[in-house]
Amino acid sequence: MSIDAGSERFYEFDVATEVQQVAVADIDGSVSYRTRVHPGWDIMGNANGGYLLALVGHALSDATGRPDCVTISAHYLAPCPAGDARIVVTPVRTGRRFATATASLFLLTDAGEIEIIRVLATLGDLAHDPGGPSHMEEHSTFPPRGLLPFSQCVGMAESASSNFAYIHGRLGTRANPGDIHFRDGKKSGQALIRGWFAFNDQRPIDTRALLLASDAFPPSVFNLDLPTAWVPTIEMTVHTRAIPAPGPVACIFSTRFVQNGLLEEDGEMWDSRGVLVAQSRQV
């Protein structure tokens, strides 16, 4: 739940992605941050990949002074339980429109630091971006691709997912009913998951929250006639296209190819105006 303190309101996601600068810029321009990987944003004890991306994204925005990760690519190096952590951000280039930086998150353990995730990102300010020409294939209807309205979808926290995907206890995420029947052993045969992303405490969805949304649903491959097993992310890229309008974000995740035990998952995220606000791909 969010907590009111005078005029301030603290949302769970903001508390769970707090960072605090602890060292001024090093000789290479690197900036270090103290943070914590919070429990409850995990799947079976390991932090969700989108949550880690949002945590590192916060440090990147602070270090570069740019609020939006226009593109961010992460390689996941090790599982990450809850605990104290350190983020190091190293600027690469700063221009008038974009700033590029790398970042790593290190989990602090009794045996020393473990690098969990390494990121390369380009950031900007979408609210004040000069923009340019646009051309895209728009969906003829909204919600897109047969996604039912928010009220007709199934709350993920109310499904069996909450037994192991503890992150859904923090989210108001909903899924198309037919897309999660795999939990009852009824796979659709189509590697497709459609749903809506939202927070339980009604936190507004900004571009940092879109990084979490990119990995907030079960893998679409669970709907194929394949063994259902752990699907760890090796690499994930998110492209943020626009600042979302108020309301839940429509999400569509699909897989085309499964080969040698590896698969890709492509994501689209659309706001309440029917505007494409983010795309993602993970391996």
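The values are calculated or read from the model by the stated rules, or taken from the named source; none is laboratory data. Here the structure is a predicted model, which means the values were calculated and not measured. Here the Cβ positions follow ideal geometry from the backbone for every residue, glycine too, while neighbour counts run over all protein chains shown. Accessible surface areas use protein heavy atoms only, side chains included; no ligands, DNA or RNA. Shrake-Rupley method; radii C 1.70, N 1.55, O 1.52, S 1.80 Å.
Some observations on this one:
- Qualifying positions in segment 113-124 - more than 15 Å from PRO67 (Cα to Cα) and open to solvent by 30 Å² or more (accessible area, probe 1.4 Å): GLU113, ILE114, GLU115, ARG118, LEU120
- Boolean, ILE234 is under 24 Å from SER134 (Cβ atoms), in contact (Cβ under 8 Å) with a residue 40 or more places away in the chain and among the hydrophobic types (A, V, I, L, M, F, W, C): no
- Only one entry in ALA127, ALA103 is under 23 Å from the mean Cα position of the chain (by Cα) and exposed (fewer than 12 other Cβ atoms within 10 Å of the Cβ), namely ALA127.
- Selection count, segment 219-250, where residues are open to solvent by less than 10 Å² (accessible area, probe 1.4 Å) and either polar (S, T, N, Q) or out of contact with any Cys (no Cβ under 8 Å at 6 or more places or on another chain) (or both): 6
- Restricting attention to segment 179-190, the residues being open to solvent by 10 Å² or more (accessible area, probe 1.4 Å) and either of a type in the set (A, V, I, L, M) or modelled with pLDDT of 90 or more (or both) number 1.
- Residues of segment 72-99 that turn out to be over 19 Å from HIS38 (Cβ atoms), open to solvent by less than 40 Å² (accessible area, probe 1.4 Å) and touching a residue at least 24 places away in the same chain (Cβ under 8 Å), as a count: 6
- GLU137 meets all of the listed conditions (1) open to solvent by 40 Å² or more (accessible area, probe 1.4 Å); (2) at pLDDT 95 or above but one, namely (2).
- Members of segment 15-33 that are part of a strand (DSSP E or B), open to solvent by 70 Å² or more (accessible area, probe 1.4 Å) and closer than 18 Å to ALA99 by Cβ: GLN21
- Single condition HIS58 does not satisfy, out of (1) within 19 Å of THR17 (Cβ to Cβ); (2) surrounded by fewer than 19 Cβ atoms within 10 Å (Cβ to Cβ); (3) in contact (Cβ under 8 Å) with a residue 60 or more places away in the chain: (2)
Results for (1) over 16 Å from the mean Cα position of the chain (by Cα); (2) small (Gly, Ala, Ser), shown as yes or no for each residue.
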| residue | (1), (2) |
| --- | --- |
| GLY178 | yes, yes |
| ARG203 | no, no |
| LEU212 | no, no |
| ASN223 | yes, no |
| THR233 | no, no |
| PHE253 | no, no |
| VAL258 | yes, no |
| GLY261 | yes, yes |
| GLN282 | no, no |
